[in-house]
Amino acid sequence: MDLQQVWADTPAARDRCFLHSAGSSLMPAPVFEAMLEYLRLEQRVGGYAAAEREQHRLDAVYDSLAALLNADRDEIALVENATVGWQMAFYAFDWQPGDRIVTGQSEYAANYVAFLQVAQRYGVVIDVAPNDAFGAIDPDALRAMIKARTRLIAITWIPTNGGLTNPAAAIGKVARQAGIPYLVDACQAVGQMPIDVAALGCDMLTGSGRKFLRGPRGTGFLYVRRGLLQHLEPAMIDHFAAPWTSKGGYTLRPDARRFETWENNYAARLGLGAAVDYARAIGLDAIETRCRMLAHRLRERLRTLGNVTVLDLGRDPCAIVSFIIRDYPVAAALADTAAAGIVIGASPPASTRLDSDARGLGYILRASPHYFNSDADVDRLIDFCAGSRRAL
């Protein structure tokens, strides 16, 4: 990895200690320039003409994402954000009373409230798989929960907090053996580590542009395996997803773009494509290695501080480090780190309600180093936490 080039492409990383890529990361210069160039074209010629001129580049975004995921381009839909993509997949199922969903204890709030809605609306049952001794979903226990009416296995690969990496590929094997569709929320995984949908064994996968992928806000994608695609009809469609082919009928598109709508933000799409190409040029294996190295440095040194409790789970935690500082309210810690030029985030208990309630967690701090960070960045946060102890 050419860190000098990475840092040159990320000037904001020189101005502050940015450790918040799990929230919304810093766009590298090529992403920003791709969007700006397109917006300038729109300014000169108008939106329709700009899209027509740049159609080849817009189409190439599907190829870039397909290469990132080891998928085919017709299995990719571009959407406004990962939640929209997840909803388009989830609500395409024809839910019936007694159907069952199997999920995990660290499932993200946006997904779980959708489970609750179909449970209340249709009488669907939610089965929560227990964790193993390290806090990750136990694939064997999940297998034991599958029943005749199980319609979907849906998990968050990397939860929004807790540092956990769930065994997504092992769960995929369970899903394939049982013949049950498998939906993976990969928002925190994409851009942080390699993703191979074939190796994962998933039927559907969603991702966000703004997080570790370092793309713009308002971008996301949905992957749907071709074999499942023809069995899913989106809950909502327009004339792009389903052309009006006769006076009394429409025909759904044969590809994953049946989950898209006609109007979208073309500049943001080009930014997403540039972010994917940028990550692939660096190499996802190299990115994962550096992310884990920096997170390990932060996590282990925080554990040496008597006033800090690290709250991470799993055998091999990822680049999300969750912690609290004793007698230091989260809001005050966020304000003080910001004043010190350190950008971190926080996670409320409602983000992962089942896990938070089980572990008695309130608001917690969340730091997420990325490959553009340095050891010095990590050490600044450690020194801040150590200094807060002295101040107390």
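Taken together, the values in this text are just the output of simple stated rules run on the coordinates, not laboratory data. A quick note: this is a predicted structure, and the numbers were derived from the prediction, not measured. Ideal geometry is used to build each Cβ from the backbone, glycine not excepted, and the neighbour counts take in all protein chains shown.
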Rounded to 5, the percent of DSSP beta bridges in the chain classed as antiparallel: 50 percent
Amide H partners (placed H, <5 Å) of Phe240, local residues excluded: Trp262
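Placing unit charges on C-beta atoms (Lys and Arg positive, Asp and Glu negative, everything else neutral), compute the dipole magnitude of the stretch 90-248 about its Cα centre in debye, rounded to 20.
In total the dipole reaches around 280 debye.
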Whole-angstrom Cα spans of the chain along principal axes, big to small: 74, 57, 32
Cβ charges +1 (Lys, Arg) and -1 (Asp, Glu), total dipole of the stretch 64-178, debye: 300 debye
Euclidean distance of C-alpha centroids, the stretch 295-339 and the stretch 9-83, integer Å: 32 Å
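Mind putting a number on the dipole of the stretch 284-392 about its Cα centre? Charges go on the C-beta only, +1 for Lys and Arg and -1 for Asp and Glu, and I need it in Debye to the nearest 20. Before the final figure, lay out the partial values.
On the way: 14 positive and 13 negative charges, 46 e Å.
Computed about the Cα centre, the dipole is about 220 debye.
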Cut-off under 5 Å, modelled amide H: who pairs with Val343 long-range: Cys17, Phe18, Leu19
Estimated vicinal HN-Hα couplings, Hz - the stretch 137-150 in sequence order (Karplus 6.51, -1.76, 1.60; Gly, Pro = x): 4, 8, x, 5, 5, 5, 4, 5, 8, 5, 10, 4, 9, 5
Expected-Rg normalisation [2.2 N^0.38 Å, Cα atoms] applied to the stretch 1-123: 1.47
Principal axis dimensions, the stretch 125-272 - Cα atoms, whole angstrom, descending: 56, 39, 25
Ordering of 108-118, 5-15 by packing [mean C-beta count within 10 Å, highest first]: 108-118, 5-15
Taking all pairs of distinct alpha-carbon atoms in the stretch 296-392, Kirkwood radius in angstrom: 13.8 Å
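Quick check on the chain: helices-only [θ] at 222 nm, where DSSP H runs of length 4 and up contribute -39,500 (n - 2.57) each and the sum goes over total residues. Nearest 500, please. Intermediate results must be reported in sequence, preceding the final value.
Working: 16 runs with 168 residues, N = 392.
The helix contribution divided over the chain gives -13000 deg cm²/dmol.
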